[in-house]
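Okay, so here's the structure we're looking at.
Taken together, the values in this text are just the output of simple stated rules run on the coordinates, not laboratory data. Predicted model only: the values in this text are computed from it and were never measured. Ideal geometry is used to build each Cβ from the backbone, glycine not excepted, and the neighbour counts take in all protein chains shown.
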Protein chains: 2
Amino acid sequence: MTDGRDGRVARGERTRAAVLRRAADIASVEGLDGLSIGRLAADLSVSKAGVFAHFGSKEELQVATVRAAARRFAEEVVAPAAAAPEGLARVVALGERWLDYSRSGVFPGGCFFVSVAAEYDARPGRVRDEIAAARRRWLDHYAAVVAAAQRRGELDPGVDPADLAFELDALGMAANLHARLCDDPSAYDRARAAMRARLRALATAPHPALA
Amino acid sequence: MTDGRDGRVARGERTRAAVLRRAADIASVEGLDGLSIGRLAADLSVSKAGVFAHFGSKEELQVATVRAAARRFAEEVVAPAAAAPEGLARVVALGERWLDYSRSGVFPGGCFFVSVAAEYDARPGRVRDEIAAARRRWLDHYAAVVAAAQRRGELDPGVDPADLAFELDALGMAANLHARLCDDPSAYDRARAAMRARLRALATAPHPALA
């Protein structure tokens, strides 16, 4: 049974999640600096005091928004790619889920992290630290997936996993920027073809994931 | 001899150039949306009316700032690379001048165009059109330099020049973002090595520019 207090806690959690979802959507288009507790409260028809109770300050709201966006990214890119078999198939899946994530508009402004990285890279502080930490976690994960493909003997062991992760990720970010700025979704096809060509050149044998 | 009118015109041109230089510096760090005629006038100790006379509106100022940044980019990247011999040497020079341009802080916030592209890609209008046009000109130029290297027989003729330009540019943009966001200038070395490895794989013979 749910007593009054548990009900209030559950409602509070739902409000918090709704605020962060809306905040990440706005920030992907207009930036994290444009977030305002007042606007979020109005958009979601909740009280400003209610939103303020959850975050306390704009910086707190921005940091929580980056964390919530990182969870959404993990659900949309990392988790589906983890369903592919370990090895080269998962490296391919990670790159292609990333392109799908940008192309399909998981965030309305394209990749949340590209948008806010460009906005905050020159503004030291907790918000930038949180964005940088999310980028490092992503590249570390990408490199670990590459290293697993090397351990399975499917990828040239001579390439540095962090270098390859950086290159594959660069193609995704460039596609995200170009497709949106220039209204040219063919950038996604170009990035996908370049990722596959790069992996084909490094594969130790023909692989069905690159067929 | 310079009469009064010519003197005023020359002073006006100097003010206009100074405003646009300062505006591009600010925008590379804080974005184009943060530009204000009042702030620029205060920074440069000129009258608001004087700045307003040159631009008339914030949008006009933003468009002129993108054009001025494109000229600075051409002076810092395209012109020095054009001093390298046509062919593969110029392809290498273009990539390396780009990395130098980002690393050395020609604009204090890193590449001006990466910063403002992320800010404006989801905001249709003249400012976005101007940024997109600058990006297309840059990629077209990069592709033309690649095509010249192919005509000289120095690069595999089977690769699409626009595809290769997109890939090399992607490495530069990723280095720009990573170095600044994560305080990690080794990203420039990583991008440089990846550019060279890519060109080495496509070169028809060993080339001194890739030694």
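Quick notes
- Number of positions in the stretch B:104-132 that are surrounded by fewer than 19 Cβ atoms within 10 Å (Cβ to Cβ) and closer than 28 Å to B:R200 by Cβ: 1
- When the stretch A:156-187 is filtered for residues that are more than 15 Å from B:A194 (Cβ to Cβ) and buried (at least 21 other Cβ atoms within 10 Å of the Cβ), the ones remaining, listed by number, are A:A175, A:N176, A:L177, A:H178, A:A179, A:R180, A:L181, A:A187.
- B:L202 being of a type outside the set (S, T, N, Q) and touching a residue at least 40 places away in the same chain (Cβ under 8 Å): yes
- Matching residues, the stretch B:7-34, being closer than 16 Å to B:A70 by Cβ and not in a helix (DSSP H, G or I): B:L32
- Annotation note: Cβ proximity below 6 Å between a residue of the stretch A:158-173 that is more than 7 Å from every other protein chain (Cβ to nearest Cβ) and a residue that is β-branched (V, I, T) (sequence gap 6+ or interchain) occurs for A:P161/A:V146; A:L164/A:V146; A:A165/A:V146.
- Tallying residues that are closer than 24 Å to B:Y120 by Cα and assigned to a helix (DSSP H, G or I) within the stretch B:42-58 yields 5.
- Scanning the stretch A:176-194 for residues that are in contact (Cβ under 8 Å) with a residue 40 or more places away in the chain and either among the hydroxyl-bearing types (S, T, Y) or more than 8 Å from chain B (Cβ to nearest Cβ) (or both) yields A:N176, A:A179, A:P185, A:Y188, A:R192.
- Scanning the stretch B:89-121 for residues that are at the interface with another protein chain (Cβ under 10 Å from one of its Cβ atoms) and assigned to a helix (DSSP H, G or I), we see that the one that is farthest from A:S28 (Cα to Cα) is B:F113.
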